[in-house]
1. Filter the helices (runs of 4 or more DSSP H) completely within the stretch 225-308 down to those with at least 2 residues that are touching a residue at least 24 places away in the same chain (Cβ under 8 Å) and within 20 Å of the chain's Cα centre (by Cα).
2. Pick from the stretch 326-368 the residues that are closer than 17 Å to residue 296 by Cα and in contact (Cβ under 8 Å) with a residue 40 or more places away in the chain: which of them is farthest from the chain's Cα centre (by Cα)?
3. Return the total of residues in the stretch 446-490 being away from ligand 1 (no atom under 15 Å from the Cβ), out of contact with any strand residue (DSSP E or B) (no Cβ under 8 Å at 6 or more places or on another chain) and farther than 20 Å from residue 541 by Cβ.
4. Could you list, in sequence order, the residues of the stretch 11-50 that are over 15 Å from residue 197 (Cα atoms), in a loop (DSSP other than H, G, I, E, B) and in contact with a strand residue (DSSP E or B) (Cβ under 7 Å, 6 or more places away or on another chain)?
5. Given the criteria in contact with a strand residue (DSSP E or B) (Cβ under 8 Å, 6 or more places away or on another chain), modelled with pLDDT under 95 and in a loop (DSSP other than H, G, I, E, B), does residue 4 qualify?
6. Do we have residue 209 as modelled with pLDDT under 95, within 16 Å of ligand 1 (Cβ to nearest atom) and touching a strand residue (DSSP E or B) at 6+ places or on another chain (Cβ under 8 Å) here?
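The values are calculated or read from the model by the stated rules, or taken from the named source; none is laboratory data. Model, not experiment: these values are computed from the prediction. FYI the Cβ positions are ideal-geometry reconstructions off the backbone, even for glycines, and counts take in every protein chain you see.
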Ligand code: AMP
Ligand code: DBH
């Protein structure tokens, strides 16, 4: 077996000031619990209970008890250690909703190594960046999923990365390391980590040319997970359907897979998010709770009328990731027969929930209120001054599970956070008289395509790399189903490429499919002012306005 290269230590990340850390500990929010201890402790309490139901990489339906998942995770941890993965090392995890995802996740945690949560949709552009930027020791994939061969991607990554990660494959590994071979190892010991150290790197939807990584600590994230489970009524009888990509922050932690496993419940991984698959699983597995983005919730609402499935076990449907229109929200209870819970969260921290006993009007028209009494919310105007209650403004937040800075990004951090540590969410919100948040819009250069976030600048940079493209601006256009879709305005020189050719160009550069512009519009020139070029912001706004007319 090859032994991996020694990796660079984790970069220093902005920490919570000691006075805050002390306060959060004294309040009981932060404890000494770590992600390495998480599963062994649950396995001791719930050994024989079912933890995870779902397909494995070969498409076989599996049911694993807490004892079985913990045993697999311990051995896989032993195997990863043999590959050279140690405490503090980064492991890029790119697995679909298969049971191996949970096994590998807890194996990495057991070693005190840090998962980097890639999405199945990511391609060479994103994965190559994550591997290089985090100096990943290992990259874990499924052989194939959704018609895509991840081994081809892994070949490209290892060829193009100076210090390539060890590649581990669930399923047929070809020349890479089979995950199955790692299971033959003796269990690795549980690494000792301080609970205030970074446990993993989560992804941000981002607003800049390169994706941002979010360092979350054991203490801050576990607090949000435990508290989310309580707010959402999760207990050992909860059976949660995970239809969104498992690595996304919402289905992972709000309360998600981690909240359910922390409570001794059962996680059911859906192989795809379609209503047919989901409804069949709700019926056969007695699902009590599910989490969706708005377009999927709409698809479930439309499919309900023609489905014979028994959905009576479903008690709570969570919807978040993008604004859920009130017209759709009010249909959830009458048509799906369950309680709606709106969730407005971010991988950077702050998560808001409508509460399960809130009145119907609050549930339908607001995006909830924060998890913690110590979540600080500031709503300010463009000048940074607080606005009166009810007036929309920029949402800034600080609290016991909101980061103080991105990973290894000092320059970006100096503008993304205020001097006193508030995160500038880029969301425009207003507060109701009852302290609930209503999302009114967004000031950041991001498109929210049905819950999938796209940084305008990242796509623009890829477009500008085309030899015929002089300049590009990516903006959102309203869409009935997705809420927003992307339109790229492009200025070309010489013979203009066809829109289709530009999209192919982006795909060939390894950009994830959801970031490929839905529409490409060629223009002769971008608007300029007397002095010269207008700001990117103004430019995007001016171009977006031409779309709406
Ligand atoms: P990220 O920072 O990439 O984790 O994305 C979080 C962002 O998603 C938030 O800042 C919002 O812009 C958006 N978002 C999440 N949930 C909602 C929601 N329920 N309504 C409106 N926007 C949302
Ligand atoms: O969109 C998000 O990032 C999100 C939505 C709901 C999130 O991170 C979360 C809940 O935790």
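1. Numbers: elements: 249-253, 256-262, 275-285, 294-304.
Ranges flagged: 249-253, 256-262, 294-304.
2. Once the filter is applied, the top-ranked residue is 341.
3. 6
4. Residues satisfying the conditions are 47, 48, 49.
5. Details: in contact with a strand residue (DSSP E or B) (Cβ under 8 Å, 6 or more places away or on another chain): yes; modelled with pLDDT under 95: yes; in a loop (DSSP other than H, G, I, E, B): yes.
Taking the combined requirement at face value, the residue satisfies it.
6. On the way: modelled with pLDDT under 95: yes; within 16 Å of ligand 1 (Cβ to nearest atom): yes; touching a strand residue (DSSP E or B) at 6+ places or on another chain (Cβ under 8 Å): yes.
Taking the combined requirement at face value, the residue satisfies it.
Conditions tested, residue by residue: (1) buried (at least 22 other Cβ atoms within 10 Å of the Cβ); (2) within 11 Å of ligand 1 (Cβ to nearest atom).
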residue: 350; (1), (2): yes, yes
residue: 365; (1), (2): no, no
residue: 382; (1), (2): no, no
residue: 399; (1), (2): yes, no
